[in-house]
Amino acid sequence: MNFETVIGLEVHVELNTNSKIFSPTSAHFGNEQNTNTNVIDWSFPGVLPVLNKGVVDAGIKAALALNMDIHQHMHFDRKNYFYPDNPKAYQISQFDEPIGYNGWIEVQLEDGTTKKIGIERAHLEEDAGKNTHGTDGFSYVDLNRQGVPLIEIVSEADMRSPEEAYAYLTALKEVIQYTGISDVKMEEGSMRVDANISLRPYGQEEFGTKTELKNLNSFSNVRKGLEYEVQRQAKILRSGGVIRQETRRYDEASKSTILMRVKEGAADYRYFPEPDLPLFEISDEWIEEMRTELPEFPKDRRARYVAEL
């Protein structure tokens with residue numbers, strides 16, 4: 001039996017604002033541990049977040065560049081979970097009304113053809129801190145990254161091969177880079193990719209059970225991890241086995257994916273509207289102002305050169 005590959009990607013992009021999303025602390029990368037922090041990042045009792053307008057500017061630009069509709073009545077939500085690098089025990093994010101939705105991007109494939117990949121949503125949120133596990137048996141938390149602004153861009157499950165996923169990431173990085181909202185340096189963590197992949201028999205409408213790949217630190221490893229998963233899942237299905245819903249990581253040394261944890265159900269983050277931030281409106285004038293600040297994108301420039309020359 002032959003199977004169709006179904007891939008969707010979640011891309012976190014750190015926005016290159018001078019300060020963090022909800023505090024005045026510097027968002028600069030590479031400073032000494034726990035020096036770019038303050039009481040808001042530490043979540044001391046009684047502190048209140050203040051939204052950085054520059055983050056919303058960047059979110060509007062990203063939504064426009066990715067041909068998205070924009071939610072003009074916007075709010076933030078609390079995503080509740082506990083982890084040592086998350087001192088509040090919740091993350092301020094966007095749940096049901098992301099800043100951008102219903103977008104698309106056109107990608108060029110290796111055979112010279114183009115394909116339009118849908119983008120389900122793009123939402124603004126704060127980054128978490130970073131855990132470092134020392135050789136002395138202790139784990140250390142660096143909160144410099146806590147509160148750095150992110151936009152998470154979630155594609156539709158429109159990609160049908162690892163090659164298409166690679167082409168999508170290449171095109172997405174190019175667009176984000178040209179907007180100027182991020183340097184998209186994977187080596188510094190300002191662009192991070194999670195991939196969801198499943199297989200289904202050709203002709204079947206229903207998706208198969210998906211596997212999530214995390215900690216993919218390069219486009220090349222995204223491609224290699226997905227290629228391995230296609231082979232691994234096809235082998236299981238052809239032998240009569242069942243795919244479990246798992247989170248796995250790609251291991252460069254063994255050139256394989258390794259199980260991190262089994263997902264037995266959807267995580268319950270108990271989202272609810274963020275009570276410490278007001279609702280606000282993104283006006284038509286604000287959107288048009290951001291549109292005028294966008295550059296000419298590479299595909300548009302290429303089309304213009306072809307038409308003019």
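No lab work stands behind these numbers, since they all come straight from the coordinates. Since the structure is predicted, the reported quantities are computational estimates derived from the model, not experimental observations. Heads up, the Cβs are rebuilt from the backbone with ideal geometry, glycines too, and the neighbour counts pull from every protein chain shown.
Laid out as a table, the results:
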quantity	calculated
Stokes-Einstein D in µm²/s, Kirkwood radius over Cα pairs - segment 177-285 at 10 °C with 1.306 mPa s viscosity	93
Dimensionless Rg/Rh of segment 133-218 - Kirkwood Rh, Rg from C-alpha atoms	1.07
Dimensions (Å) - segment 243-309, Cα atoms, principal axes, largest first	53, 46, 21
Environment charge of Leu309, counting only residues whose C-beta is closer than 13 Å and scoring Lys/Arg +1, Asp/Glu -1	+2
Partners for Lys263 among lysines (Cα-Cα distance below 24 Å; same-chain residues under 8 apart left out)	Lys79, Lys130, Lys210, Lys214, Lys224, Lys235, Lys255
With 5 Å bins from 0: P(r) over segment 1-66, alpha-carbon pairs, percent	3, 13, 18, 17, 15, 11, 8, 4, 4, 3, 3, 1, 0
Enclosed volume per residue, in Å³, of the convex hull spanned by Cα atoms of segment 176-226	116
Full-extension gain in nm, Thr209 to Ser43, via 0.36 nm per residue minus C-alpha separation	56.0 nm
Normalised contact order of segment 85-136, rounded percent, pairs of Cα under 8 Å and 6 or more residues apart	42
Contact order normalised by residue count of segment 171-248, Cα under 8 Å, 6+ apart, percent	27
Sequence-separation-based contact order of the chain, relative, with Cα cut under 8 Å and 6+ spacing, percent	24
Of all DSSP beta bridges in the chain, antiparallel share, percent nearest 5	95
Mean Kyte hydropathy of -1.0 or more with a Cα span along the axis of at least 24 Å, helices from DSSP in the chain	162-179, 219-238
Hull shadow area, averaged, segment 1-133 [alpha-carbon convex hull, nm²]	12.4
Ratio of Rg to Rh over the chain (Cα coordinates, Kirkwood Rh, two decimals)	0.97
Cα pair count fraction exceeding 11 Å, expressed as % - segment 137-178	77
